[in-house]
Amino acid sequence: MKRQLLPILAFTFVCSLANSAHALPGESVQTVKNKIANHSAFSPLKRGIGELSGLPFYNAQAKLPNGELVFSMNPDRQGQRSIEETIAFGATKPFAGFTRQNVRLIQQTFGSATSEDFVRSQYVARVNFAEYEKRFYRGTTFAFVTTEFKQPHQGRKYYHFTILPLKDLNEAIQADQRCRQSEYLCAD
């Protein structure tokens, strides 16, 4: 009975992801909340405060057959608009990472237009830290950052995919390069 149930649950989850969230940076916080609330795979967005920055953030979780997906949104200082959105995938099975050839989770979360922008984007920089590596891409509409953590944590290997406004790309690269050269912890 359990063997028959697993494929049915996996199919149900994939079908629920077909109703993409399509939340994007620049939209109002309420619009992003509504889009995530309408995405049946994710839990409702919960608000938190960054320990180091003191700034608010929102996140929601989804269980997948091969790991866990977390959607995170950082609003502007006024709490009105989304300025950065990330999906973090904790893989329990082998996963190729977020690459321009592996965009299924990106498409299901952010929509076809955003995944196509990433596929056609230009690779512009890499910042390598001891624990993880970040790669930066310039699309036509947005900037993208992929992060791959080098070591598994609690049986999962973690991958992040972040969407930024295009105008913030150079600042993000420079901030990470400064952080890389610094001895201090740079972000939440």
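Overview of values
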{"read-out": "Cα-based shape type of region 80-186, given that a ≥ b ≥ c are square roots of the gyration tensor eigenvalues and the cut on a/c is 1.5", "value": "oblate"}
{"read-out": "Two-site FRET efficiency, F129 against K63, from Cβ-Cβ distance with R₀ of 45 Å, rounded to 0.05", "value": "0.95"}
{"read-out": "Cβ-Cβ FRET estimate between L52 and T99, R0 fixed at 25 Å, reported to 0.05", "value": "0.25"}
{"read-out": "Computed lengthening from S40 to S182, 0.36 nm per intervening residue step minus Cα-Cα distance", "value": "47.0 nm"}
{"read-out": "1.4 Å probe accessible area per residue over region 118-188, in Å²", "value": "64"}
{"read-out": "Pairs from K93/K157; K33/K167; K35/K134; K63/K134 whose Cα-Cα separation, in the structure shown, is over 20 Å", "value": "K33/K167; K35/K134; K63/K134"}
{"read-out": "Separation in nanometres of the label points that stand 7 Å from Cα toward Cβ, at D76 and Q151", "value": "4.0"}
{"read-out": "Local net charge near K150, Cβ-Cβ under 14 Å (Lys/Arg +1, Asp/Glu -1)", "value": "+2"}
{"read-out": "Which of H153, H160 is most accessible, then next, and so on - probe 1.4 Å", "value": "H153, H160"}
{"read-out": "Two-site FRET efficiency, S28 against E116, from Cβ-Cβ distance with R₀ of 22 Å, rounded to 0.05", "value": "0.35"}
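The values are calculated or read from the model by the stated rules, or taken from the named source; none is laboratory data. In this text, all values refer to a predicted model and were calculated from it rather than measured experimentally. Note that we place each Cβ from the backbone using ideal geometry, even for glycine, and neighbour counts take in every protein chain shown. Protein only, heavy atoms only, side chains kept; ligands, DNA and RNA dropped before computing areas. Shrake-Rupley method; radii C 1.70, N 1.55, O 1.52, S 1.80 Å.
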